[in-house]
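All remarks here apply to the structure that follows.
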Amino acid sequence: MLDGVGCGLVGARLPWSDSATDAVCGLEGDGPAALIATGRSTTPTAAALLNSSYIQGFELDDYHPVAPVHSACLVLPASLSAACALGRSVSGRDLLLGAIRGFEVGPRVGLALHGAQMLTRGWHSGPVFGGPAAAAAAGTILGLDEVGFEDALGLAATQACGLMAAQFGSMGKRMQHGFAARNGLLAATLAAGGYSGIKQVFEHPYGGFLATFGEGHDPDGSQITSELGERWETDLIAVKPYAAMAGLHAAIDAARKLLADGPVDTDELESITISVSEPAFHHGGWRAERPLAAVGAQMNLAYAVAVTLLDGTALAAQFAPDRIDSDDVWELIGRTTARHEPAFDERLEDGYNTRLEVRLADGTTRSSFVEHPRGGLLRPLTNREVVEKFRVLVEPLIDRGRARAIEQTMLRLEELDDISELLELLAAPVQAMFAATKEPR
């Protein structure tokens, strides 16, 4: 949850976020719900939409490696907006409980649809799985009972959406989890008001969630409750070390591993071949073309490997507009091929195995293989590394005192009697990471 807050502070003042904030607030107007890091407020549903898009705004936020969904950008915005709508104090314990419920619901719904298979089919999996997760979190804040939660899940599931073509330069990619956060909040609010939703929405054979989204693909509804209370999907949620979609992380690691094994003279590289599993190939193996928007760069294997071989990493600076449009990066992209390696499809439990091979002008080759990406299921970041990531992200944007106050407040969340203290810390404006620029359209 600390990581989600840090991502939101970074994402709130990006150029595309500023555009979204102005447009949505122009439509919705002022309201009781604070917008992270902007000094502005709006209606609870609009705040859930925008705060989620801030957390998702720069591909820095968490992911589930088997059932791809970004969880913090769903549960935090929906819960904070629900708390603002209540107009009374909400404890940190309730916020934490709602978050954990959301962390469990989203991936379990995703597993029932075979997780990453949804990406291969062209769905943006997280927004499809995410509405019920946001409803579970917001419903906790609103005090729903068993019947209310069933109504909320039914109302959230019927709003599921998300097309993966958004990754090809659309600013909408940043907001699609926001649609799910807003929809989950609306669903929980309607349920709290006595408005009924689809009963047994996951099980219905005609028009049910799994029957419809999983048609022809053998959905497995048992995954939703399998070992419930014994196996915790929350434990599997991965915190990202890089500012790119999860399917690129093993490739970035492979490039860093190659550099660690010895210097790479990029001027002498004749060809670069990246071999990945089917989900990673479908998601990131497309041919990049110049000009390339930041969202496209963060979804593209060739760009991620090229910039990592040149810069040694793939953090925020590597996806700044000027860096994306640099000649040296595009020279390497032109020599790069991404390919699907079927053998890697059998080993998706940790997301994305990757082999990187480079051929030099003298005919020699070098290669590296990454089985488990850093930050993933089997190589998770430590708590200390998560805190360090938060500090690295936010301290250039806000004063150190405020940064440490947010950090300490999040890390003692269960002790807070009223989360308004947290909301006040998050609401004040931050410095923009990049100067205002126009994304390629």
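The values are calculated or read from the model by the stated rules, or taken from the named source; none is laboratory data. Keep in mind that this is a model prediction, so the values were computed, not measured. Positions of Cβ are generated from backbone atoms using ideal geometry, with glycine treated the same way; all protein chains shown enter the neighbour counts. Side chains included, ligands, DNA and RNA excluded: accessible areas come from the protein's heavy atoms. Shrake-Rupley method; radii C 1.70, N 1.55, O 1.52, S 1.80 Å.
At-a-glance table
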quantity: Simple spin-label estimate for residue 234 and residue 196 in nanometres, 7 Å along Cα-Cβ; calculated: 3.3 nm
quantity: GNM flexibility winner over the chain from 306, 12, 133 (Cα, springs under 10 Å); calculated: 306
quantity: For peptides 294-305, 176-187, 224-235, sequence by mean Cβ density within 10 Å, most packed first; calculated: 176-187, 294-305, 224-235
quantity: HN-Hα J in Hz across segment 200-217 - Karplus 6.51, -1.76, 1.60, θ = phi - 60°, x for Gly and Pro; calculated: 6, 4, 7, 8, 3, x, 10, x, x, 4, 6, 4, 7, 6, x, 3, x, 10
quantity: Degrees between helix 176-192 axis and first principal axis of the chain (Cα, 0 to 90, nearest 10); calculated: 10 degrees
quantity: For residue 123, residues with placed amide H under 5 Å, excluding near neighbours; calculated: 164
quantity: In segment 123-226, GluC sites (Glu not before Pro) in a DSSP loop with at most 11 other beta-carbon atoms within 10 Å; calculated: 215
quantity: In sequence order, calculated HN-Hα J values of segment 33-45 (Karplus, 6.51, -1.76, 1.60; Hz; x Gly/Pro); calculated: 9, 6, 9, 3, 6, 10, x, 10, 9, 7, 6, x, 5
quantity: Amide hydrogen neighbours beyond the local backbone of residue 238, cut-off 5 Å, H modeled; calculated: 63, 64
quantity: Among 282, 249, 204, residue whose mean-square fluctuation peaks in a GNM of the chain (springs only between Cα atoms under 10 Å); calculated: 204
quantity: Loop-located trypsin sites (Lys or Arg not before Pro) in segment 279-352, at most 10 other Cβ atoms within 10 Å (DSSP); calculated: 287
quantity: Carbon and sulfur %, accessible surface of segment 345-399 computed with the full protein complex present, 1.4 Å; calculated: 48 percent
quantity: Within the chain, percent of DSSP bridges classed antiparallel, to nearest 5; calculated: 80 percent
quantity: Acute angle (nearest 10 degrees) that the helix 249-261 long axis makes with the longest principal axis of the chain, alpha-carbon atoms; calculated: 40 degrees
quantity: Stokes-Einstein D (µm²/s) once Rh is taken as the Kirkwood radius of segment 303-392 over alpha-carbon pairs, at 4 °C in 1.567 mPa s; calculated: 83 µm²/s
quantity: Radius, Kirkwood style, for segment 172-288 when every pair of distinct Cα atoms is counted (Å); calculated: 19.2 Å
quantity: Solvent-accessible heavy-atom area per residue, rounded to whole Å², over the chain at 1.4 Å; calculated: 39 Å²
quantity: Residue-span extension gain [residue 395 to residue 89] - 0.36 nm each, minus C-alpha spacing; calculated: 107.2 nm
quantity: Principal semi-axes in Å for segment 157-237 [√(5λ), Cα gyration tensor, largest first]; calculated: 23, 19, 17
quantity: Sequence-distant residues sharing a close amide H with residue 12 (under 5 Å, placed H); calculated: none
quantity: Apportionment of accessible area to carbon and sulfur, segment 198-275, percent (1.4 Å); calculated: 49 percent
quantity: Cα→Cβ-extended label distance, 7 Å offset, between residue 421 and residue 365, nm; calculated: 5.9 nm
quantity: Among 410, 135, 425 - extreme Cα towards positive end, dipole of the chain, charges at beta-carbon; calculated: 425
quantity: Segment 102-164: translational diffusion in µm²/s, Stokes-Einstein, Kirkwood Rh over Cα pairs, 10 °C, 1.306 mPa s; calculated: 135 µm²/s
quantity: Relative contact order [Cα under 8 Å, 6+ residues apart], the chain, whole percent; calculated: 20 percent
quantity: Diffusion coefficient, µm² s⁻¹, Stokes-Einstein with Kirkwood Rh over alpha-carbon pairs of segment 76-221 at 25 °C and 0.890 mPa s; calculated: 162 µm²/s
quantity: Dipole magnitude (debye, nearest 20) for segment 92-202, charges at Cβ of Lys, Arg, Asp, Glu; calculated: 440 debye
quantity: Carbon and sulfur %, accessible surface of segment 78-118 computed with the full protein complex present, 1.4 Å; calculated: 54 percent
quantity: C-alpha long axis of helix 92-112 to longest principal axis of the chain, angle in °; calculated: 60 degrees
quantity: Whole-Hz ³J(HN,Hα) from phi, Karplus 6.51 cos²θ - 1.76 cosθ + 1.60, for segment 226-243, glycine and proline x; calculated: 4, 6, 4, x, 10, 9, 10, 5, 3, 5, 8, 5, 9, 9, 6, x, 10, 8
